Amino acid sequence: MKRVCLMLMLWSLLVAFGGSAALADSHCMDELGCVELGPDDPVVIGAMLSVSGATSFYGEDSLGGVEIAINARDGMLLGREVTLVVEDELCSAEGGQAAAQRVAADETIVGIIGTTCSGAAQGAMPIISEAGMLMISSSNTSPALTNDDTDAGGTYLPGYFRTAHNDLFQGAMGARYAIEVLMAHSVATIHDGDPYTEGLAVVMAETFAEMGGEVVFQGAVSKGDTDMTAILTEIAASGPDVVYLPVFVPESEFLTSQLRTTPGLEDAVVMTADGSFSSGFAQNAGDAAVGVVMTGPYVAGETYDEFLVAWDDQIGGQPPSGFHAHAYDAANILMDAVEAVAEELDDGTIMIGRQALRDAVAAVEDYDGLTGSLTCQEESPYAGDCATGTALAVFEIGEAEVMGEWPPAVAWDLSMSMMDE
């Protein structure tokens, strides 16, 4: 009897001094655990983005899209204020790992938008996945990230999603444009060792060869290189019709500028990709940028025009790169999923199951997004891919873009292709 009384006394003390939290925990049946929000707690969303250094324009571009999505809901979710916690992933594996460690330590974060760069995702993904969290990237495009075949270089882990295109689409588009429109017979490719740039260069080269073209050179520069003379001289000896350099700025700017003065490459077409999709590339490369062809994200339509008005009103000017609409979609998919799985207890506490949240995002089908209709896939090599690759186009830089106008007009997209899909 004394033991029963003692247990009752301990239970009373537990309820009186924080026992409500324990009671709330008892309602979490999710295998990965729950995010618990007290009656007055905000909904916390994490963002791992590149917001410093040469690639900061990418992070700022996606951050703006997330902020506009939150503002469109008056900054509220589940009747609570939304708090956005931003961590700089530095566009590197080490930066992504460090950012993920900080995010994973914050148990109030319901989900993450990010990373900006594919390399950062490779550092972040193991930590985020192990923590039971989820991340939705608006700009990762490396094919490795949604491929679970580790023998083939795949790095996919549960909890990873993206609204950006897979470079299996972008690389193929570049190859098709080179052969169908440029009538190119030969190509040289350059990457910088990043998972994004190397993966894209490989896909483009493989598709180009499959279509009957000749890949005459495949090489790499290092991040931080400024003198590109040696590799450009080597490329010139191979005589390519197209030099494909899907590398980040500023390396792409140095390559483009120096290529134009390399004997033997005067007539070669320079093609780059979304790693250089910014007005800064055109302005910094100067006259050498005129005629450069680049593949990158493309969104159009009345709803998108309204988004751009909101951007100008809330942030000012034009988005600095091409993934802002993808970030807007990613943020809305995450917030919709939170609303779908949240359970409110009698005391006002809200429980959000982490596995339930992953399941809700994985179940997204025919989502009417700013970037088109999105359906999240579950099977490798597209595990976590929610985009179809239709929000892509080829652009050509002219004098106007060198003078500061952005973005360039669309030169071509897959709807113009002469080949069957």
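Tell me whether the stretch 352-366 contains one or more residues that are within 30 Å of V269 (Cβ to Cβ), of a type in the set (D, E) and surrounded by fewer than 19 Cβ atoms within 10 Å (Cβ to Cβ). Spell out how you get there, then give the answer.
Residues of the stretch 352-366 within 30 Å of V269 (Cβ to Cβ): none.
Looking for residues that are within 30 Å of V269 (Cβ to Cβ), of a type in the set (D, E) and surrounded by fewer than 19 Cβ atoms within 10 Å (Cβ to Cβ), one finds none in the stretch 352-366, hence no.
When the stretch 323-371 is filtered for residues that are free of Cβ contacts under 8 Å to residues at least 60 places away in the same chain, touching a Leu at 6+ places or on another chain (Cβ under 7 Å) and not hydrophobic (A, V, I, L, M, F, W, C), only Y367 remains. When the residues of the stretch 386-403 are filtered to those that are touching a Phe, Trp or Tyr at 6+ places or on another chain (Cβ under 9 Å) and not aliphatic (A, V, I, L, M), the one that is nearest to G291 (Cα to Cα) is E396. Please go through the stretch 186-220 and pick out each residue that is of a type in the set (G, A, S) and either in the same structural domain as A120 (by TED's automatic domain parsing) or in a helix (DSSP H, G or I) (or both). Listed by number, the residues that qualify are G199, A201, A205, A209.
Can you confirm whether I136 is surrounded by fewer than 24 Cβ atoms within 10 Å (Cβ to Cβ) and either outside the structural domain of R358 (by TED's automatic domain parsing) or modelled with pLDDT of 95 or more (or both)? It is false that I136 is surrounded by fewer than 24 Cβ atoms within 10 Å (Cβ to Cβ) and either outside the structural domain of R358 (by TED's automatic domain parsing) or modelled with pLDDT of 95 or more (or both). Of the residues making up the stretch 150-164, those that are at negative phi, touching a Ser or Thr at 6+ places or on another chain (Cβ under 6 Å) and in contact (Cβ under 8 Å) with a residue 60 or more places away in the chain number 5.
Among the residues of the stretch 301-332, the one identified as surrounded by fewer than 24 Cβ atoms within 10 Å (Cβ to Cβ), among the aliphatic types (A, V, I, L, M) and either touching a strand residue (DSSP E or B) at 6+ places or on another chain (Cβ under 8 Å) or under 22 Å from T115 (Cβ atoms) (or both) is I315.
Condition check ((1) outside any loop (DSSP other than H, G, I, E, B); (2) touching a Phe, Trp or Tyr at 6+ places or on another chain (Cβ under 8 Å); (3) over 12 Å from E36 (Cα atoms)) across all residues:
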{"site": "N332", "(1), (2), (3)": "yes, no, yes"}
{"site": "E339", "(1), (2), (3)": "yes, no, yes"}
{"site": "M351", "(1), (2), (3)": "yes, no, no"}
{"site": "A356", "(1), (2), (3)": "yes, no, yes"}
{"site": "V361", "(1), (2), (3)": "yes, yes, yes"}
{"site": "E378", "(1), (2), (3)": "no, no, yes"}
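Restricting attention to the stretch 380-403, which residues are in a strand (DSSP E or B) and touching a Cys at 6+ places or on another chain (Cβ under 9 Å)? Quick ask: steps written out before the conclusion?
Within the stretch 380-403, the first condition is being in a strand (DSSP E or B), and the residues that meet it are 385, 392-396.
If the condition is that a residue be in a strand (DSSP E or B) and touching a Cys at 6+ places or on another chain (Cβ under 9 Å), then D385 is the only one that fits.
Scanning the stretch 184-229 for residues that are of a type in the set (S, T, Y) and within 19 Å of the chain's Cα centre (by Cα) yields a total of 2.
Would you point out the residue of the stretch 149-159, among those that are of a type outside the set (V, I, T) and within 26 Å of F248 (Cα to Cα), that is surrounded by the fewest Cβ atoms within 10 Å (Cβ to Cβ)? Taking the candidates together, the pick is A152.
When you go through M211, M228 one by one, which is the residue that is out of contact with any strand residue (DSSP E or B) (no Cβ under 9 Å at 6 or more places or on another chain) and modelled with pLDDT of 95 or more? Steps first, please.
Values: M228 fails: out of contact with any strand residue (DSSP E or B) (no Cβ under 9 Å at 6 or more places or on another chain).
None of the others qualify; the one that does is M211.
When the stretch 61-89 is examined, which residues are found to be under 19 Å from V103 (Cβ atoms), among the acidic types (D, E) and in contact (Cβ under 8 Å) with a residue 60 or more places away in the chain? The answer is E67, and nothing else. The set of residues in the stretch 34-77 being crowded, with 18+ Cβ neighbours inside 10 Å and more than 17 Å from A327 (Cα to Cα) consists of C34, V35, E36, L37, V43, L77.
Taking the criterion of being within 18 Å of Q355 (Cα to Cα) and among the β-branched types (V, I, T), the residues of the stretch 102-144 that qualify are V103, T108, I109, V110, I112, I113, I127, I128, I136.
The values are calculated or read from the model by the stated rules, or taken from the named source; none is laboratory data. Quick caveat: nothing in here was measured; it's all calculated off a predicted structure. For neighbour counting, all protein chains shown are included, and Cβ atoms are generated from backbone atoms with ideal geometry for every residue, glycine included.
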